[in-house]
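See structure below.
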Amino acid sequence: MKGSDQLADVAAATRRAPRDRLPALLDVVQSISGLALVMFLGMHLLLDAAILIGPSAADAVARAFEGQYLFGTAHPWIVSLAALALLTLIVVHAVLALRKLPHSTREYVAFRHHLRGINHGDTRLWWWQVVTGMALFFLIAPHLYIVITQPETIGASASAHRVVAERAWVLYAILLPVVLLHAAAGTYRMVVKWGWPKLSRVRLRPWVWGIAGAYCVLGLAALVAYTILGLRLTE
Amino acid sequence: MRIIYTDVLVIGGGLAGLRMAIAARRRGHEAIILSLVPAKRSHSKAAQGGMQASLGNVIKGQGDSEDVHFEDTVRGGDWGADQEVVRMFVNTAPKAVRELAAWGVPWSRVRKGDREVIINGQKVTITERDAAHGLVAQRDFGGTKKWRTCYVADGTGHAMITAIADQAIAASIPVHEHNEALALIHDSGRCYGAVVRDLVSGELTAYVAKATALATGGAGRLYRVTTNAVICEGIGQAIALETGVATLGNMEAVQFHPTGIFPAGILVTEGCRGDGGLLRDADGHRFMPDYEPEKRELASRDVVSRRMEEHIARGKGAKSRFGDHLWLDITLLGEHHIRHNLREVYEICHYFLGVDPVKEWIPVRAAQHYTMGGVRTGPTGESPNLKGLFAAGEAACWDMHGFNRLGGNSVAETVVAGMIVGEFIGDFCDRPENDINIPTAVVHDYLEREQARLSALLTGRGTEDAVALRVAMQEIMTAKVGIFRRGKDLEQAVDELQQLLVRSRDIGVRYRAAGANPELVTAYRTQRMLKLALTVAYGALARSESRGAHYREDFPRRNDAEWLKRTLASWSNESDTLPTLTYEALDVRRMELPPGWRGYGARDHIHHPDTATREKEVEALKAKLASSDRFAVQQALMPYEQLLPPRLRGRNERIDDRS
Amino acid sequence: MTDQTAHRKLSFRILRYNPQENGSTPRLQRYELEEADGMTLFIALNEIREQQDPSLQFDFVCRAGICGSCGMMINGRPGLACRTLTRNLPPEITLAPLPIFELIGDLSVNTGRWMRDLGERLETWVHMKAGELDLGHIEETMDPDLAEQIYLLDRCIECGCCVAACGTARMREDFVGAVGLSKIARFRLDPRDARTDADYYELIGDDDGVFGCMSLLACHDVCPKNLPLKTQIAFLRRKIAAVGIK
């Protein structure tokens, strides 16, 4: 049989508009910015834990980031600049993530209704990612404001002072679990989303939550250490 | 009340309907498909095991050809089939598989080299040829000499309808879902479309068309225990019957599938047995070889189903609170085979029975499965009595199955008939004399008549309960018009069904909404189903012989002398309570394969007076053409190619032709 | 399948609403039913309709878990009613129609139209390579493993469960859902389809397509056919993103 078997196929092949690359780009940037932030967070919390070794270790870390060992003198504005860059990254990440949130009451109600009905762990987790993300807008802002405007006050005693005397411990005690929950959920989603590394969700979950939990313990320990130091300083 | 005009109205969105619509569309005609449900949900989807086509790619199919497929099909049908139509079918089946292969059906493919298979309960190693690697594979099925059933794991129908429905979308063919044809519009022996009810809004619309094609599938729901989907209620055949003009052929020929899961009746494919599964009784004994030493579990379905019931009657059935059953044992196929090639079977056992078929036996018993009968058509698919009415697939009696259909031949028929009949519909619509010339007044009369019928049900004072009538009908059909039939039972069945039919004229509904109303649907369908049930029971009562799936205990022999003919049922008057039966003789003198023994089952048939003469003729012709090729011999015995649409003629290449 | 214990009383709460009927408002209606051996929701709902309420609307076709007609929310989760055994459910059973799809009435929704629209939009058919099909010739070969892989994705029954389970689809009505993405993954895998990744990018390279997926994966967890939706969508995302940023 000879047949004209390509009724619609030809049409499909001929109407090709120039490709809009933006959606792909935004999707990739969203993930990459998230990944960068997660990596930053991991390093940040590790370095914060230097206080557990001692005040001098914490000071050494602070000075290192001010370029002391590079230039011989400390330049706190380097920290300001880095923090500004980080803020930009956060803004980019947040703006891209905003696309995913409910845009209207209808969408919000639909999703909440769905969340209640479906009783599904990963769907619930996404909602927590959204909630923590929103919270981070408010929690990160004062944190970064201090870093950008008073970079010279980062160091064992100055920070300890801030934690206790200026009561910043309240901020950090909330910020820490929130940011870790957000980062863990985001990392989990990123792995699932891109399918790499190739892990089933059942095998992925203990890794993600184990690491997040360890960071939480580490971070809280550092916060306690600063608090103790701060209390001593006020005495 | 609206009127929609189109060239081709296809009633039914299964494989046959879709394929006819695509054919008509490609010929440049507008086609609209009506479907009760989304097309991809049609019962075609439930075909699991595969589709027969003599590709001969696997080593166990080597040497297969149209000739072997032809003989298997004619024998399987116990010589009730129209042999010319069988020839048209077997020659087109390989083309259909190849077309579907190009359209994206992921046919299971041959892998070269050794593989282990189960044959007759034994592990056997067979070696597939290098040349066959990657070609469409075939598996064994009942009643076939060669491995001929092409398959997609055990979701063949699913994969086929997915591909074909997607092609229909590609061709922009509209499918009007949730629409039901209530009556065919006809005038002076010409069909002009149908009165259609929107099942959601309840609105009636007249679809007026040059050609009307029925592809509504089978009528399994006439029975209580059936493998058929709940929509297989035979309404297509019933509305053809209600024209009083079109006839239904061989409605008494009803197939029972050996392996419906017990008690729900859900099908597990014949592929289970084709791939090596065994039937066992209460004692775990493999009983089929005792009855059928040659074909064993793989005799034709009518034979296996009867043997199973016979064995249960001897007290060998396994007992359960729902009654007796037998066991299907596929544990010997191994986990890998079951989880890959019999996935649907695995899921069905898991979800419905809580049985793991890798380790446990599956409880089975024969269940109604297929309606060989249907709207009688000629080789072109057109009704000989009602011009412009076409039918294809299970709804039709094109008559390639005769009195028993081989496994794998139904899903094959849907697409093959769809291709062939679709072309003839194209021809029909091409001819200017077939333009629509029906006065709208006639159309309005039909619309009003159907509206009045619905109103009578909705607003009348009827007291009969449609569900009760339907259940009574299903019980009668299952108990008295089942696998084993007796004159006395059939007489009773006919009487009782007539009473039900009379009572059905007084059905009342409790829920009186004109729109979506499941009770109303049950009501009007039950009225039609009762008429159809009567064509089955009455035809079975009249046919005093046993042939294929029609088995009369009081007339156990096939009687070619008196019954080598097709039953034709029509419904002359609305007030009748019985169909009018006439008969159409099959001409032995033109048969390529004169009636004989099937190769399994009983061997005691009564000969037709012409058989001996025709056998001699055939022998003489074959001897005379001993040096010619098989095509020349076939051509001399029974020329048929002129019956095919030109686009579908021509030979089918096989790998053995290449070497 | 034959537990002889006394049968439970099942209590069904079914969301009733007939948009065709004037004055009909959504409400939960309660039906009581005695459980039977091997009872599925197919059997239960038919019994309710035949004995208690002839107006109750729902859809079943194959009643064997292969046609995809009977997707509904069963105690809040989408699933196929025909193969849901009541014995696996608590005695209180809440049934609601699948969200997102157009409601026909009660438990019946128009998945057919949604899927047809999806098919037209994503062109879910094999776009054959140029050249005429000669049906007399031997078919093109295909690797047996590839054929099986394609079939694995081809097993989708378009029941709509993945869409109903999808948080994105609940918020954004134009999202193609896992069904759309898995279909593209299926054609992408098929060498008979002439389309390239650039073509597929045009179809699903935006927030209504693969980039809209937020990887909540309820689709994967409810799919009655256990399609590998998680890995397929991730794979597709990599391939389609690669086209976009190239």
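The values are calculated or read from the model by the stated rules, or taken from the named source; none is laboratory data. All of these numbers come straight from a predicted model, not from anything done at the bench. When we count neighbours, we look across all protein chains shown, and the Cβ atoms used for this are built from the backbone with ideal geometry, even at glycine. Note: areas computed on protein heavy atoms with side chains; ligands, DNA, RNA excluded. Shrake-Rupley method; radii C 1.70, N 1.55, O 1.52, S 1.80 Å.
At a glance:
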read-out: Number of the exception - C:Ala185 against (1) assigned to a loop (DSSP other than H, G, I, E, B); (2) within 14 Å of chain B (Cβ to nearest Cβ); (3) open to solvent by less than 20 Å² (accessible area, probe 1.4 Å); (4) of a type in the set (A, V, I, L, M); value: (1)
read-out: Test: residue in the range B:84-99 that is more than 26 Å from B:Leu644 (Cα to Cα) and either facing chain C (nearest Cβ under 10 Å) or open to solvent by less than 10 Å² (accessible area, probe 1.4 Å) (or both); value: no
read-out: Test: residue in the range C:230-240 that is more than 10 Å from chain A (Cβ to nearest Cβ), buried (at least 21 other Cβ atoms within 10 Å of the Cβ) and modelled with pLDDT of 95 or more; value: no
read-out: Residue satisfying condition, being open to solvent by less than 10 Å² (accessible area, probe 1.4 Å), within 12 Å of chain C (Cβ to nearest Cβ), within 30 Å of C:Trp125 (Cβ to Cβ) and touching a residue at least 60 places away in the same chain (Cβ under 8 Å), within set B:Ser108, B:Ser54, B:Ser44, B:Ser35; value: B:Ser35
read-out: Members of the range A:27-64 found to be in contact with a helix residue (DSSP H, G or I) (Cβ under 6 Å, 6 or more places away or on another chain) and not in a helix (DSSP H, G or I), listed by number; value: A:Ala49
read-out: Qualifying position, being more than 12 Å from the chain's Cα centre (by Cα), closer than 23 Å to B:Ala102 by Cβ and of a type outside the set (Gly, Ala, Ser), among C:Asp154, C:Asp174; value: C:Asp154
read-out: Residue in the range C:107-129 that is among the charged types (D, E, K, R), part of a loop (DSSP other than H, G, I, E, B), outside the structural domain of C:Phe58 (by TED's automatic domain parsing) and surrounded by fewer than 24 Cβ atoms within 10 Å (Cβ to Cβ) present; value: yes
read-out: So B:Val152, is it farther than 17 Å from B:Gly63 by Cβ and either free of Cβ contacts under 8 Å to residues at least 24 places away in the same chain or of a type outside the set (Gly, Ala, Ser) (or both); value: yes
read-out: Members of the range B:20-32 found to be more than 10 Å from every other protein chain (Cβ to nearest Cβ), open to solvent by less than 10 Å² (accessible area, probe 1.4 Å) and over 27 Å from B:Ala516 (Cα atoms), listed by number; value: B:Met20, B:Ala21, B:Ala24
read-out: Flag if B:Ala569 is of a type in the set (Gly, Ala, Ser), open to solvent by 50 Å² or more (accessible area, probe 1.4 Å) and over 23 Å from B:Asn91 (Cα atoms); value: no
read-out: Hey, B:Asp324 open to solvent by 10 Å² or more (accessible area, probe 1.4 Å) and in a strand (DSSP E or B) or not; value: yes
read-out: Residue within the range B:499-510 that is under 21 Å from B:Tyr551 (Cα atoms) and away from chain C (no Cβ under 14 Å) present; value: no
read-out: Single residue of A:Ala214, A:Ala222, A:Ala173 found to be in contact with an Asp or Glu (Cβ under 7 Å, 6 or more places away or on another chain) and away from chain C (no Cβ under 13 Å); value: A:Ala222
read-out: All positions within the range B:111-149 that are within 10 Å of chain C (Cβ to nearest Cβ) and buried (at least 22 other Cβ atoms within 10 Å of the Cβ); value: B:Ala132, B:Leu135, B:Val136, B:Ala137
read-out: Subset of the range B:62-79 that is more than 20 Å from B:Val588 (Cα to Cα) and touching a helix residue (DSSP H, G or I) at 6+ places or on another chain (Cβ under 9 Å) - its residue that is most open to solvent (accessible area, probe 1.4 Å); value: B:Gln62
read-out: Positions within the range A:83-117 being closer than 30 Å to A:Ile154 by Cα and open to solvent by less than 50 Å² (accessible area, probe 1.4 Å), in sequence order; value: A:Ala83, A:Leu86, A:Ile90, A:His93, A:Ala94
read-out: Scan of the range B:346-360 for residues that are modelled with pLDDT of 95 or more and at the interface with another protein chain (Cβ under 7 Å from one of its Cβ atoms), ordered by number; value: none
read-out: Test: residue in the range B:185-198 that is among the acidic types (Asp, Glu), assigned to a helix (DSSP H, G or I) and at pLDDT 95 or above; value: no
read-out: Selection status of B:Glu617, within 29 Å of B:Leu298 (Cα to Cα) and either in a helix (DSSP H, G or I) or modelled with pLDDT of 95 or more (or both); value: no
read-out: Test result for C:Thr25, out of contact with any Gly (no Cβ under 8 Å at 6 or more places or on another chain) and without any contact (Cβ under 8 Å) to a residue 40 or more places away in the chain; value: yes
read-out: Unmet criterion (only one of (1) at the interface with another protein chain (Cβ under 10 Å from one of its Cβ atoms); (2) buried (at least 21 other Cβ atoms within 10 Å of the Cβ)) for B:Ala171; value: (2)
read-out: From B:Ala468, B:Ala523, B:Ala452, residue being in contact with a helix residue (DSSP H, G or I) (Cβ under 7 Å, 6 or more places away or on another chain) and either in a helix (DSSP H, G or I) or on the phi < 0 side of the Ramachandran plot (or both); value: B:Ala523
read-out: Residue within the range B:549-557 that is outside any loop (DSSP other than H, G, I, E, B) and aliphatic (A, V, I, L, M) present; value: no
read-out: Hey, C:Asp197 within 15 Å of A:Arg21 (Cβ to Cβ), open to solvent by 10 Å² or more (accessible area, probe 1.4 Å) and touching a residue at least 12 places away in the same chain (Cβ under 8 Å) or not; value: yes
read-out: Options B:Arg598, B:Arg603: the member that is touching a helix residue (DSSP H, G or I) at 6+ places or on another chain (Cβ under 7 Å), of a type outside the set (Phe, Trp, Tyr) and in a loop (DSSP other than H, G, I, E, B); value: B:Arg598
read-out: Residue match in the range B:154-163 (condition: closer than 21 Å to B:Gly13 by Cα and touching a Pro at 6+ places or on another chain (Cβ under 8 Å)); value: yes
read-out: Count of residues meeting criterion [within 7 Å of another protein chain (Cβ to nearest Cβ) and within 24 Å of C:Asp208 (Cβ to Cβ)] in the range C:125-176; value: 9
read-out: Which listed residue, of B:Glu562, B:Glu617, is open to solvent by 70 Å² or more (accessible area, probe 1.4 Å) and farther than 26 Å from B:Tyr640 by Cα; value: B:Glu562
read-out: Residues of the range C:17-38 that turn out to be of a type outside the set (S, T, N, Q) and surrounded by 20 or more Cβ atoms within 10 Å (Cβ to Cβ), as a count; value: 2
